[in-house]
1. Taking the condition surrounded by 18 or more Cβ atoms within 10 Å (Cβ to Cβ), under 27 Å from Glu46 (Cβ atoms) and in contact with a helix residue (DSSP H, G or I) (Cβ under 6 Å, 6 or more places away or on another chain), does Tyr145 pass?
2. Checking Asp131 against (1) under 21 Å from His59 (Cβ atoms); (2) in contact with a strand residue (DSSP E or B) (Cβ under 9 Å, 6 or more places away or on another chain); (3) modelled with pLDDT of 95 or more, only one condition comes out false. Which one?
3. So which residues in the range 187-207 are within 20 Å of Val52 (Cβ to Cβ) and part of a loop (DSSP other than H, G, I, E, B), if there are any at all?
4. Working carefully through the options Glu583, Glu528, find the one that is within 30 Å of Thr337 (Cβ to Cβ) and at pLDDT below 90.
5. Got a sec? Which of Thr179, Thr129, Thr184 is hydroxyl-bearing (Ser, Thr, Tyr), free of Cβ contacts under 8 Å to residues at least 60 places away in the same chain and in a loop (DSSP other than H, G, I, E, B)?
6. Could you please find all residues in the range 43-68 being in contact with a Gly (Cβ under 7 Å, 6 or more places away or on another chain), over 19 Å from Asn120 (Cα atoms) and of a type in the set (Phe, Trp, Tyr)?
7. Pairs needed: first member in the range 20-33, of a type in the set (Gly, Ala, Ser); second member anywhere, surrounded by 10 or more Cβ atoms within 10 Å (Cβ to Cβ) and modelled with pLDDT under 90; C-beta distance under 8 Å; at least 6 residues apart or different chains.
8. If we keep just the residues of the range 34-58 that are buried (at least 20 other Cβ atoms within 10 Å of the Cβ) and touching a strand residue (DSSP E or B) at 6+ places or on another chain (Cβ under 9 Å), which is farthest from Val186 (Cα to Cα)?
Amino acid sequence: MNVYRLLGLAVLWVGVSMSWGEAIDAKVDTEQKPWTHLNALNNPDEFQFAIVTDRTGGHRPGIFMDGVRRLNLMQPEFVMSVGDLIEGYTENQEVLDKEWVEFNGFVEQLEMPFFYLPGNHDISNDYMTKDWERRFGPTYYHFIYRDVLFLCLNSEDPPDTQMGDEQVAYIEKVLADNTDVRWTMVFLHKPLWVYPDKKNWKKVEELLEDRKHNVFAGHTHNYMRYERNDSEYIVLATLGGGSGLRGPSFGEFDHFMWVTMTEEGPRIANLLLDGIWDTQVRTPQQSALVRATLNGSVVRTDPIVDDSAMFTEAQTKLRLTNDADVPAVVEVYLQNTDQLGVSKTSVKKKLAPNSVELVDLTLTAVAPLDSKDIAPLPVRWKVVYDLEESIAPLTIEGEHRIGIRNQWPMVQPPTALAMDGDVGEWDSLMEVAGPGAVNTYEDAWYGTQDASLAFAVAHDTEFVYVALRVTDDEQASSNTNYRRTDSLAIRLDARPADKRGRGSDFKDWLLLAFSGGRRASGELFEAEQLPEGIVVKNATTENGYSAEIAVPMSYIVAQGGGDWKDIRVNVTVLDHDQDGYAEIWWQPDWNAADSYVGRGVFARP
């Protein structure tokens, strides 16, 4: 068998790749030194190489190439393989040619040598074995690099899951000819030591037992470290092969192995792909995409408004938007509930740059229901942007909710509205209280007498008004940041319904927040960011405080268009007491998992 071509490649590459720095030259004029020592780890006898594992067997496209990009970042001196490089299991030459062209295209992008090794997917029959020999030569071979013997073996030396007598004789001769190497590294696809009835592996272990060595295998798609022969025998996980990806505790992850050969022996690390990034891990472009995506601009549904007595069925559109200048793939998974069924449970679309796709959806009630009693339909989504600047595509995942819009009418403001913070003239405040509306911390809420809220939303030709009354039996107010004291926060989104997203983009909606209680001034939080003309007045009451807020109609019209129809409102009361604090929400936080764009809408009469 011709091993000299591979041996020559390794030796030739060594001759041009060695580059070692000098010892660290650092001096300071003090007895104390800002370093531990100056002995740099640059021993010329030490080197690093990587090992890649199963790409196929239910392969997941793109993972192996992702590994190639990250290997180029890490710059090992060469890359070893433990097999299963193509799907194989065929005698169709056209299929084999296609699969090998694809795989070779991957490894040709490596900036360092790659050493092939066959797995059962690569030589699963005599035809494929001959095809391998035509392409790559021997199915087992060896080379030496910096006094370390690399022994690349074939665990499918027919029949499968064994080594033939000729291969064992070859191993015996190679080991006999290289007794003085400092270490021996053995690579094979199947971990033959877990197949005790298979031919010849016991002989191989006996040949290895008197030398310092490690053995590396793949095949199982589950990582496992064994101690055998006073050595480490390691089965690698996957680099694109089929996997449940449940994490290290299950031995299921995509990785490559990083081996540093030291004077004392190999130091081995497993580098999981999602932990290796270049300097483009986060750029302004990526940040903008993430912000826009999580803000709800990519996956939306048109609001469903149902005015019937009992809801039975409604249509809406799933709106998938790619505002980026690069392509995106959007996957959406919808989940039926015990109340609602949906006409499609999964959608996958490839969106061109700056494009929109609409998908028709029908929601059907399992039984007729009052729309106010219907929980939203959960939606999971994933968006993958193909960014040339990044080592890997930008993937963003999130949740969405499809619900029947909760709609309340705006009321008329009192005829003699004084705008003094006293809400005594308002006779239609809506009460908000109860366990479903309260998030408690340290059991700090004792009922409506402890903290509760009542409010109303109204409008005339000049303003939209929010009138609020807070009950608080233990007021701890100050003029500090509203989050750290008793306070009120009103969120108001006047954009058209199809423009409303999550609650994180402060520029597109109003946050009207101020500390409440007896010493509060009613000064709005970050008032300088708010449009001109907003008026807030507060007043103390016998058991709490109240407020009146007026938002100019000019702002509402500018945000919602001349024929604005409704606004979305969210109100929060923070109640800080000595034994903890509670939050009272009218409708969930816009960033909460159970929120959706149609919740908390006040309609113009």
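The values are calculated or read from the model by the stated rules, or taken from the named source; none is laboratory data. Quantities reported herein were computed from a predicted structural model and do not represent experimental measurements. As a convention, Cβ positions derive from the backbone with ideal geometry for all residues, glycine included, and neighbour counts pool all protein chains shown.
1. Values: surrounded by 18 or more Cβ atoms within 10 Å (Cβ to Cβ): yes; under 27 Å from Glu46 (Cβ atoms): yes; in contact with a helix residue (DSSP H, G or I) (Cβ under 6 Å, 6 or more places away or on another chain): yes.
Answer is yes for this residue.
2. That leaves (2) as the condition not met.
3. Leu188, His189, Lys190, Pro191 - these are the residues of the range 187-207 that are within 20 Å of Val52 (Cβ to Cβ) and part of a loop (DSSP other than H, G, I, E, B).
4. Details: Glu528 fails: within 30 Å of Thr337 (Cβ to Cβ).
On inspection, the qualifying residue turns out to be Glu583.
5. Thr179
6. none
7. Correct list of pairs: Gly21/Ala40; Gly21/Asn42; Ala23/Leu38; Ala23/Ala40; Ala23/Asn42; Ala26/Leu38.
8. Step by step, filter the range 34-58, then rank; the result is Gly57.
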